[in-house]
1. I'd like to verify a number: residues in the stretch 363-415 that are at positive phi and more than 27 Å from the chain's Cα centre (by Cα), how many?
2. What is the residue count in the stretch 378-422 for residues that are free of Cβ contacts under 8 Å to residues at least 40 places away in the same chain, of a type in the set (A, V, I, L, M, F, W, C) and closer than 22 Å to Glu326 by Cα?
3. Select from the stretch 341-360 the residues that are within 22 Å of Glu404 (Cα to Cα) and at pLDDT 95 or above and list them in ascending order.
4. What is the one condition in (1) in contact with a Leu (Cβ under 7 Å, 6 or more places away or on another chain); (2) over 20 Å from Val72 (Cβ atoms) that Leu248 does not satisfy?
5. What tally of residues in the stretch 115-136 results from selecting those that are touching a strand residue (DSSP E or B) at 6+ places or on another chain (Cβ under 6 Å) and either part of a loop (DSSP other than H, G, I, E, B) or surrounded by fewer than 20 Cβ atoms within 10 Å (Cβ to Cβ) (or both)?
6. Hey, could you check the stretch 126-165 for residues that are without any contact (Cβ under 8 Å) to a residue 60 or more places away in the chain and within 20 Å of the chain's Cα centre (by Cα) and say which is nearest to Leu109 (Cα to Cα)?
7. What are the pairs, 6+ residues apart or on separate chains, where a residue within the stretch 232-257 that is in the same structural domain as Gly38 (by TED's automatic domain parsing) has its Cβ under 6 Å from a residue that is part of a strand (DSSP E or B) and within 16 Å of ligand 1 (Cβ to nearest atom)?
8. Can you name the residue in the stretch 355-403 that is among the aromatic types (Phe, Trp, Tyr) and not in a loop (DSSP other than H, G, I, E, B) and, of all such residues, is nearest to Glu56 (Cα to Cα)?
Amino acid sequence: MSGKTLHVDKTKQENVMLRRTACRVCGSKKLHKFLSLGPIPLVNKFLGEEQLSSPEDFYPLDVYFCTNCYLVQLLDIVSPQVLFEEYAYLTGASEPMQIHFSKLADEVLENFKLNENSLVIDIGSNDGTLLQCFSKFGLQTLGIEPASNIAQLAEAKGIHTVTDFFDEGCAIKLRKEYGPANVILGTNIFAHVDNLESLMRGINCLLANDGVFIIEVPYLPNLLNNLEFDTIYHEHLSYFAVHPLVYLFRKFGMEILDVKQVPVHGGSIRVFVQRALKQQSQNVDNLLLMERKAMLNSLKTYLKFAEEVVLVKEKLVQLLKTLKKEGAKITGYGAPAKGNVLLNYCKIGRDVLDYVTDTTPFKQGKYTPGTHIPVFPVKKFHEEPPDYALLLAWNYADEILQKESDYRKKGGKFILPIPEPKVI
Ligand code: TYD
Ligand code: ZN
């Protein structure tokens, strides 16, 4: 499974904006590398036909554990300009996310005393989908979104949006112009930001004294338990559990009021943070206890995880090799970013997968980064069904298995890659 199309030996260090030497949360240098998934290209950069012959940029993808505050993190930071130019993710395009946001707004309105003078600010507000859930109840809203094309979509819906990267400097300007915020939301930023200090100083500046800061981040135990190693890539700089979050917020005079698990992005936590707490929910201690029991404070846990990841890779590669030998036709189902981590890490190229299909129009007609597999609309899958389809979008397994029941009835099989390669 060598795949002639792979050039994995060319790691381009100069595109790495910064190499951190200290932990992003606590500043400790007690950092231990436990897993290397690279070198790997940027997994959301699909290639046009004309780009296939040019050399591709590869980056290190090494994962570290801080033995002081227990944060799992990347230290090689790719410049956000390189990472997020032409970013095409739209919140409003996904129905499950719309429902999720609507429930979040209901929960906030139920639990905090807000009125039509209350200001709700969303950091990384995308196309304004989340803020719409607040503005429809008459609250004041303000979006902050770095991608101007996406900010314009929000403006068109009547959600006022400032085009900017949120940091302390931005917060100072916003505070002067709009006053303190009663609610600050960050549902898709915390894991993506390198400079958490500047972010938190910005929150401190912008949040009203009795205001609440609400974040959502993928929850580390889910990643570990389900071996979701393919969700590790350059856009995700931190992999949070509650413990390092407590550490971080305390540094800025804040405490976690409540935390709950929510079923998005492979299992996330929603965290409510305030300055002065009257009473902390028992949920906080419960999760901290669970994290101690799961030994999230021990390097051993992560070394074991890394061994399991290598085993998954070996099993998957072996399975595909055997099927290929038997003459099976195999394709990929879905072309998510995480799928590109899996394909590159396991060196699965065009010699194994004839093609992959994806419903996202801008991915169709392009090629997967690093592995150069052509991406087609799902029509191709129905017209030229394979014997086996590697389910790269495993987070939608239930939905896809149901949708493709005809394919399965006719004898077509899916291969689920994690937590253990399985043919179904
Ligand atoms: P997503 O879950 O957003 O993952 P990531 O953050 O790793 O990119 O991506 C899912 C991908 O799968 C997306 O490109 C759309 C595609 N997809 C299909 O092709 N068919 C489907 O039925 C579903 C649900 C998704
Ligand atoms: Zn640390």
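1. Count: 1.
2. Qualifying residue count for the region: 1.
3. Narrowing the stretch 341-360 to residues within 22 Å of Glu404 (Cα to Cα): 352-360.
Answer for the stretch 341-360, where residues must be within 22 Å of Glu404 (Cα to Cα) and at pLDDT 95 or above: Val352, Leu353, Asp354, Tyr355, Val356, Thr357, Asp358.
4. For Leu248, the exception is condition (2).
5. Matching residues across the stretch 115-136 total 4.
6. Only one residue tops the list, namely Leu130.
7. Close Cβ pairs (under 6 Å, with a partner that is part of a strand (DSSP E or B) and within 16 Å of ligand 1 (Cβ to nearest atom)) do not exist here.
8. My answer is Tyr367.
The values are calculated or read from the model by the stated rules, or taken from the named source; none is laboratory data. If you're wondering where the values come from, they're calculated on a predicted model, not measured in any experiment. Don't worry about glycine lacking a Cβ; one is built from the backbone with ideal geometry, like all the others, and counts go over all protein chains shown.
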